[in-house]
1. Yes or no: ARG53 in contact with a His (Cβ under 7 Å, 6 or more places away or on another chain) and within 25 Å of SER3 (Cα to Cα)?
2. Any idea which residue in the stretch 1-23 is nearest to GLY109 (Cα to Cα), counting only those that are outside any helix (DSSP H, G or I) and not acidic (Asp, Glu)?
3. Just to check your reading of the model, which residue among ALA75, ALA62, ALA91 is free of Cβ contacts under 8 Å to residues at least 40 places away in the same chain, small (Gly, Ala, Ser), in a helix (DSSP H, G or I) and open to solvent by less than 40 Å² (accessible area, probe 1.4 Å)?
4. Given the residues ALA94, ALA72, which is the only one that is in contact with a Lys or Arg (Cβ under 7 Å, 6 or more places away or on another chain), of a type outside the set (Ser, Thr, Tyr) and within 29 Å of LEU10 (Cα to Cα)?
Amino acid sequence: LMSQFMLVGLAYFIKPELLDLSDAELLPAESTLMIAAFAVISISMLSLSLVLRKTFLARSVAEQSVHLVQTAMIAGVALSESLVLFGLLLALVAGYKYFFLFGILGVIGVLIHRPTKKAVLEATYKQ
């Protein structure tokens, strides 16, 4: 989570004009296609992370492997982190002032993928 907040802070440090939301449009005409493309890719990445998490957790129970619980978490967090990177890219390249929405979505993704005690216990050896 800390890296995601640092990336948002980095964008504001590099381009302080991103802080002024008074005249900002949600979808500026000159970069609407790029923003929409990154939004679709971001939602796809978040969906993919949820599917991978579900798949790895099901395999961890079937194979009784705690390592697959860890793999599910790492894959999900990495894909969720990509959302923040897409937002940072939009901020720096297109000057998109609402890039932090990608960051919020990324933080939600990371929180969804946090490991749970239940998942670890289900993946441990049962007699």
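1. Against the criterion (in contact with a His (Cβ under 7 Å, 6 or more places away or on another chain) and within 25 Å of SER3 (Cα to Cα)), ARG53 qualifies.
2. Kept after step one, since they are outside any helix (DSSP H, G or I), are these residues of the stretch 1-23: 1, 15, 20-23.
Next, from what is left, pick out any that are not acidic (Asp, Glu): 1, 15, 21-22.
Working: LEU1: 10, LYS15: 26, LEU21: 25, SER22: 28 Å.
So the residue we want is LEU1.
3. Criteria check complete, one pass: ALA75.
4. Numbers: ALA94 fails: in contact with a Lys or Arg (Cβ under 7 Å, 6 or more places away or on another chain).
After applying the criteria, what remains is ALA72.
The values are calculated or read from the model by the stated rules, or taken from the named source; none is laboratory data. Nothing here was measured: the structure is a model prediction, and the numbers come from that model. Positions of Cβ are backbone-derived with ideal geometry, glycine not excepted, and every protein chain shown enters the neighbour counts. Just so you know, the surface numbers come from the protein's heavy atoms only, side chains and all, with ligands and any DNA or RNA stripped out. Shrake-Rupley method; radii C 1.70, N 1.55, O 1.52, S 1.80 Å.
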